[in-house]
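Visitor: I have a structure here, written as structure tokens, and I will follow up with some questions on it.
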Amino acid sequence: MKAIEIKKDLFYVGVNDRTKHLFENLWPLPQGVSYNSYLLIDEKTVLFDTVEIGYSDVFFSKLESALNGKALDYLVVNHMEPDHSGSLALLKTKYPNIEIIGNARTAEMLAGYYGITDNLKIITDGEELKTGKHTLQFHLIPMVHWPETMVTYDITEKTLFSGDAFGTFGALDGGITDTQLRPERYWDEMIRYYSNIVGKYGSPVQKAIAKLSGIEIATICATHGPMWTEKENISKVVALYDKLSKYETEPGVVIAYGSMYGHTEQMAETIASELAAQGIRDIVIHNVSVSPHSNIIRDVFKYNGLIVGCPTYNNQLYPEMEALLSKLAARGIKNRYFGYFGSFTWAGAAVKNIAAFAETSGWEVVGVPAEMKQAMNQQSRDAAVALAQAMAEKIKSDKK
Ligand SMILES: Cc1cc2nc3c(=O)[nH]c(=O)nc-3n(C[C@H](O)[C@H](O)[C@H](O)COP(=O)(O)O)c2cc1C
Ligand SMILES: [Fe+2]
Ligand SMILES: [Fe+2]
């Protein structure tokens, strides 16, 4: 496979993965994912990150084509997660003289993962490296989303090699830069990527954005998804990461429900109908047993309202709801309006357990929790409607 030239001296040597079902064995990849790696050809040659080990064959053939017989001088490791460092040990056997550039945290992981302790160049925050015509500047952005994460800025070309920051799910189907493809395809996948993978680290992302705010960016080369070259798209990508990391939202309500025999589902439908009757247009219902939690988390990051409900199951929460709530709790999501409902047949635990979750979430609980015994009756219907009305009122008052 041949490398693709992005601009003068810069080559794309990344790969597409359309085989993996679940990223991190957790998050579905309906449109695949790319592992991006870049080669800068200067007096010294510099590779930025590698790819997942399963794609090393394709990667090395692209790399060899781009090097065109030149030696490989440096590997910059912006991120050690194995979707990018997977081919690193093999790279070192093929190019034994390569010098690996990372920070102190990178070095510790290089030793632990790959037993690599030699030919390292340990950089500190803000340090620069001249490679010929180009000067690279390293910026540490710890906990976006691992402790060793950093970005590399090519001062000469104003290219930001950003690691996972500004990345997105979605393979590159032909075009690799935003001018060669339809960016619309990626926006929703970017929210899903951010919320699933980086979502917990809003505050480190904010610090990173503040730190990089002074530099002019002409091209973003992230480790997943398209290369962003157009001003409008660069602003959009940075603004999206900024907004998501502040946990800012649009007005709308996500209803996530669990149900075995359809009774609790009827409550979800009743709540949604009433929200619509109250003028809420953005309502998304997810069945927690069917919708990938990845998509539910994406939508919770989009909208300011969340209503959850499920049956009592062996005196506990319905398991799929338990799983969803624990994934939501792990992300430290802020500023949501939260309502809930639940059902039981002989002794209710669902509503009680969601109440305990609500307390730890720090969210504003809206309305009175609607609890249903066995099947829908006038009382439980009224409770569901009242809950929806309370939520609608909050969402509408927020719009003003
Ligand atoms: C495996 C199983 C365990 C259940 N455990 C409880 C329970 O501990 N307490 C209770 O009141 N109801 C229990 N139920 C009854 C369900 O809560 C009830 O069927 C459900 O709330 C009805 O809603 P649905 O039609 O939406 O599934 C259980 C039902 C099943 C199938
Ligand atoms: Fe990562
Ligand atoms: Fe990654």
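Visitor: What FRET efficiency do you get for Gln31 and Gln374 if R0 is 41 Å and r is their Cβ-Cβ distance, rounded to the nearest 0.05? Spell out each step's value before the answer.
Guide: On the way: r = 42 Å, r/R0 = 1.03.
Efficiency computed from Cβ-Cβ geometry: 0.45.
Visitor: List the trypsin sites (Lys or Arg not before Pro) within region 147-193 that DSSP assigns to loop and that have no more than 16 neighbouring Cβ atoms inside 10 Å.
Guide: Lys158
Visitor: Another question, if that's okay. So in the chain, what percent of DSSP beta bridges are antiparallel if you round to the nearest 5?
Guide: 45 percent
Visitor: What length, rounded to one decimal in nm, is gained on full extension from Thr156 through to Ala347, with 0.36 nm per residue of separation minus their alpha-carbon distance? Mind dumping the intermediate values first?
Guide: Details: separation 191, 0.36 × 191 = 68.76 nm, distance 6.78 nm.
So the chain would gain 62.0 nm between Thr156 and Ala347.
Visitor: Something else about it: Just name one of Tyr303, Val385, Ala277: the one whose Cα is farthest towards the positive end of the charge dipole of region 254-392 (beta-carbon charges, Lys/Arg +1, Asp/Glu -1).
Guide: Comparing the listed Cα positions along the dipole, Tyr303 ranks first.
Visitor: Where the centre of each part is set by its Cα atoms, how far does region 70-122 sit from region 136-193, in angstrom?
Guide: What the calculation gives is 20 Å, centre to centre.
Visitor: Looking at the square roots a ≥ b ≥ c of the eigenvalues of the Cα gyration tensor of region 62-174, which shape do they give, rounded for a/c under 1.5, prolate if a/b is larger than b/c, or oblate? Let's see the in-between values first.
Guide: Details: a/c = 1.10, a/b = 1.03, b/c = 1.07.
Judged from the Cα gyration tensor, region 62-174 comes out rounded (a/c under 1.5).
Visitor: If I model a spin label at Glu99 and Val290 as a point 7 Å from the Cα along the Cα→Cβ vector, what separation in nanometres do I get?
Guide: 5.8 nm
Visitor: Given the protein chains as shown and a 1.4 Å probe, how many square angstrom of Ser61 are accessible, to the nearest 10?
Guide: Number for this one is 40 Å².
Visitor: Modelled label-to-label distance, Arg281 and Ala356, 7 Å Cα→beta-carbon offset: nm?
Guide: Calculated label separation equals 4.1 nm.
Visitor: Can I ask one more? Can you tell me the 0 to 90 degree angle between the C-alpha axis of helix 104-114 and the longest principal axis of the chain, rounded to 10?
Guide: Taking Cα atoms only, the helix is inclined about 90 degrees.
Visitor: P(r) for region 4-245: what percent of alpha-carbon pairs falls in each 5 Å bin, starting at zero?
Guide: Reading the bins upward from 0: 1, 7, 15, 20, 22, 19, 11, 5, 1.
Visitor: Please say if region 254-392 is rounded, prolate or oblate, where rounded means a/c under 1.5 for a ≥ b ≥ c the square roots of the C-alpha gyration tensor eigenvalues, and otherwise the choice is prolate for a/b larger than b/c and oblate otherwise?
Guide: Working: a/c = 1.44, a/b = 1.09, b/c = 1.32.
Cα axes put region 254-392 in the rounded bin.
Visitor: For an R0 of 30 angstrom, estimate the FRET efficiency from the Cβ-Cβ distance between Glu393 and Met143 and round to the nearest 0.05. Can you show the working numbers first?
Guide: Values: r = 37 Å, r/R0 = 1.25.
Between Glu393 and Met143 the formula returns 0.20.
Visitor: Taking the alpha-carbon centroid of each part, what is the distance from region 248-304 to region 364-400 in angstrom?
Guide: So the two Cα centres are separated by 13 Å.
Visitor: Let me ask you something else. Report the local net charge at Met227: Lys and Arg +1, Asp and Glu -1, summed over other residues whose C-beta lies under 11 Å from its C-beta. Walk me through the numbers on the way to the answer.
Guide: Working: positive: Lys7; negative: Asp178, Glu230.
So the surrounding residues net to -1.
Visitor: Now a separate question. Do any GluC sites (Glu not before Pro) in region 195-234 lie in a DSSP loop with no more than 12 other beta carbon atoms within 10 Å, and if so, which?
Guide: Passing both the DSSP loop test and the Cβ count: Glu216.
Visitor: With a Förster radius of 41 Å, plug the Cβ-Cβ distance of Thr117 and Val365 into 1/(1 + (r/R0)^6) and report the FRET value to the nearest 0.05. Provide the component values of the computation, followed by the final result.
Guide: Values: r = 53 Å, r/R0 = 1.28.
Calculated transfer efficiency: 0.20.
Visitor: A further question on this structure: Please give me, ordered by residue number, the trypsin sites (Lys or Arg not before Pro) of region 267-322 that lie in loop per DSSP and have at most 10 other Cβ atoms within 10 Å.
Guide: Details: sites: Arg281, Arg298, Lys302; in loops: Arg281.
Of the trypsin sites (Lys or Arg not before Pro), the ones in loops of region 267-322 whose Cβ has at most 10 other Cβ atoms within 10 Å are Arg281.
Visitor: Can you flag which of Lys211/Lys243; Lys94/Lys158; Lys211/Lys246; Lys302/Lys394; Lys62/Lys236; Lys352/Lys373 are past 21 Å Cα-Cα?
Guide: Details: Lys211/Lys243 16 Å; Lys94/Lys158 30 Å; Lys211/Lys246 15 Å; Lys302/Lys394 16 Å; Lys62/Lys236 30 Å; Lys352/Lys373 14 Å.
Lys94/Lys158; Lys62/Lys236, as the Cα separations exceed 21 Å there.
Visitor: Let me make sure I get this right: for region 118-242, a, b and c are the square roots of the gyration tensor eigenvalues over alpha carbons, sorted descending. Under 1.5 in a/c it's rounded, otherwise prolate if a/b > b/c, else oblate. Which is it?
Guide: Values: a/c = 1.77, a/b = 1.29, b/c = 1.37.
Oblate, because a/c is 1.5 or more while a/b does not exceed b/c.
Visitor: Follow-up question, since we're still on this one. Taking a virtual spin label 7 Å from the Cα of Trp187 along the C-beta vector, which residues in region 214-249 bring their backbone nitrogen under 17 Å of it?
Guide: 226, 228-245, 248-249
The values are calculated or read from the model by the stated rules, or taken from the named source; none is laboratory data. Note that the structure is a prediction, hence the values are computed from the model and not measured. Here the Cβ is made from the backbone with ideal geometry for all residues, glycine too, and neighbour counts use every protein chain on show. Calculation scope for accessible area: heavy atoms of the full protein, side chains included, ligands and nucleic acids excluded. Shrake-Rupley method; radii C 1.70, N 1.55, O 1.52, S 1.80 Å.
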